[in-house]
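Computed from the coordinates by the stated procedures, all read-outs in this text should not be read as laboratory data. Model, not experiment: these values are computed from the prediction. Note that we place each Cβ from the backbone using ideal geometry, even for glycine, and neighbour counts take in every protein chain shown.
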């Protein structure tokens, strides 16, 4: 068991999420930065977190910690790893290394502070966090009050059960990341997108502006959507009949189902990048869609951070995704083999 | 409009959106659901799920099993095989929903909005007026006088977007501006030409007419009608709102609470677009109930 002494700003149980229910109105949820949680699970010998929306099993559950982390007390000996945002971790008052499997003794206290770099920290624990499976996943869908621990963020006084570790703690303790798995993306403020589905509603100048300027992340951002501040994007004139069937705004469309990562631009201003808890359906044109691998990068930006979008093709996005997943799987195989 | 050729639009690296047109037209939704059904029967390689909406469908695919270009090719073939929308037949269950129109709860919600946010005419009276109906009682007759088609689910788990199947019951209305901060669970309302049932108490923008105690999602799996799902509806289901008074509402609510409620549902029907269109063609659309 783990005792939650202080909860942090928004600490939730997350795994790879539950894709496949968009037609029922249920978003996948899961870690906003899958790669960071996957690194943690890899280090402590857990099953890997797969990329969002993939058909792989969701992997072991850990904690996603937003902006200021929790304070936790461990009731048994275990091994943990911290990845993602740096929250100045201290284990029994001593600085704790990140991106490394660290043994902890029963009774030890882990205290996490405010982020120094990144927005979301991840804690992986050998054996994973054991909450009931809901639609095959342990991920918390906060807005829908489903999954995780009681469908909500942790509160002081909560207790978390742990699963059975897959590897002996002696074997995983001290593990570090192999050289080919970078703890941080090389260009954290460059977000790859595939243009569309409704980029044709914007003028070429509108698309050029979207790809050309620096955007600032608004404080009105969460796992549902991340809002951006920047210039207005120019749109084509719409046929008059759309006012009746879609609405009077310049980017109003007949409602459709929203891809995770879709970038809605209500009225041509303040684009919203849909996160892993997206509302599944909506009526605004989406100029582009963030590739699944860069949803994590988006999730690591703090309010006020600047970012740029870079357009690539769907096939190139697929190659980036496959390369990262293969590297994770290869590292897992190497570690299992005994390194 | 209805496009001559469907548009295939990328949604990042794992989705393709197929737009059949850009208007609120049942025929476009039949096409979307017909394609979803064809994909399911064909077991198209790499497809994780299909999610139809009013005039389009989003396909989620596994990028390491099929490329975007190959998937689009497959989908074009399937759409070609569908032929005319008239050939489409869809599995369609029909649910009867006990509903109290002009109920005290949505009335209180509207009054609260009028008092705290901006003064507003009583929703049923407003919607009746702008649609040329005599009063809110005729609105109830018109709104409850048709079966509704579940075009899509979204915005909230299990929330159905409904379109009237009987053109004589077609009404439209604007959404709230600004939106409400709360709406009672089970509220029946509409915005644009779509109706909806609110699965839980949430903010919202639809005009409100009534309330149903019948559960449309079931986190704890208490009711048989949900089968192995936590949400009741699937795209292509139909709903008929059955008007009830306060005593009947309370009775259903009590049975929902103690778990003895049985959803009133028929599950043996196929919806034939051809038969439907023939029937619609025979109607005098100027009539109202």
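Comparing A:238, A:138, A:73 in a Gaussian network model of chain A, where Cα atoms under 10 Å apart are tied by springs, the biggest mean-square fluctuation is seen for A:238. The packing ranking, built from the mean of other Cβ atoms within 10 Å per residue, places the peptides B:12-20, A:81-89, B:122-130, B:38-46 in the order B:12-20, A:81-89, B:122-130, B:38-46, highest first. Here B:219, A:114, B:61 are placed in order of increasing Cβ neighbour count within 10 Å, fewest first, which gives A:114, B:219, B:61. Averaged over the residues of A:241-251, the number of partner chain Cβ atoms lying within 10 Å of the residue Cβ comes to 3. Going by alpha carbons, how many degrees (0 to 90, nearest 10) lie between the helix axis of B:246-258 and the longest principal axis of chain B? Helix B:246-258 and the main axis of chain B meet at about 60 degrees. Partner shielding of B:184-193 amounts to 1, given as the average count of beta-carbon atoms from other chains within 10 Å of each residue beta-carbon.
Here the calculated FRET efficiency for residue B:248 and residue A:306, from their Cβ-Cβ distance with R0 = 41 Å, stands at 0.10, rounded to the nearest 0.05. For chain B, the normalised intensity computed at q = 0.07 Å⁻¹ comes to -0.28 (log10 of I(q)/I(0), Debye sum over alpha carbons, equal scatterers, no solvent).
Computed from the Cβ-Cβ distance with R0 of 60 Å, the FRET efficiency linking residue B:141 to residue A:105 stands at 0.25.
Placing dummy labels 7 Å off each Cα toward the beta-carbon, the span from residue B:264 to residue A:77 is 6.5 nm. State the Cα centre-to-centre distance between region A:1-72 and region A:293-339 in whole Å. Here the answer is 15 Å between Cα centres. Against the main long axis of the alpha-carbon atoms of chain B, helix B:26-42 sits at an angle near 50°.
Note on A:313-323: average number of Cβ atoms from other chains within 10 Å of each residue's Cβ is 4. Zone of residue A:336 (label point 7 Å along Cα→Cβ, backbone N under 15 Å): which residues in region A:154-177? Once the point is set 7 Å along Cα→Cβ of residue A:336, A:166-168 turn out to lie under 15 Å by backbone N, inside region A:154-177. In this calculation the C-beta distance from residue A:329 to residue A:229 is compared with R0 = 51 Å, giving a FRET efficiency of 0.85.
Per residue, chain B reaches -9000 deg cm²/dmol at 222 nm when only DSSP H runs of four or more residues are counted, each adding -39500 (n - 2.57). The modelled label-to-label distance for the pair residue B:45/residue B:279, using points 7 Å beyond Cα in the direction of Cβ, is 4.1 nm. Over region A:1-149, one equal point on each Cα, no solvent: what is log10 I(q)/I(0) by the Debye formula at q = 0.16, 0.20 Å⁻¹? Once normalised to I(0) and log-transformed, intensities are -0.77, -1.20.
Dimensions of the protein assembly as shown from C-alpha coordinates, computed as largest minus smallest value along each principal axis and given longest first, are 78, 54, 46 Å. Residue exposure proxy: A:39, A:162, ordered by other Cβ atoms within 10 angstrom of their Cβ from fewest to most, comes out as A:162, A:39. Direction-averaged projected area, Cα convex hull, chain A: 16.3 nm², rounded to one decimal. Using alpha carbon centroids, what distance separates region B:211-242 and region A:130-192, in Å? One Cα centre to the other: 32 Å. Considering only A:61, A:36, A:246, the Gaussian network model of chain A with Cα springs below 10 Å gives its largest mean-square fluctuation to A:246.
Working note: Cα gyration tensor of region B:2-87, eigenvalues times five, square-rooted, sorted largest first, giving semi-axes of 20, 14, 11 Å.
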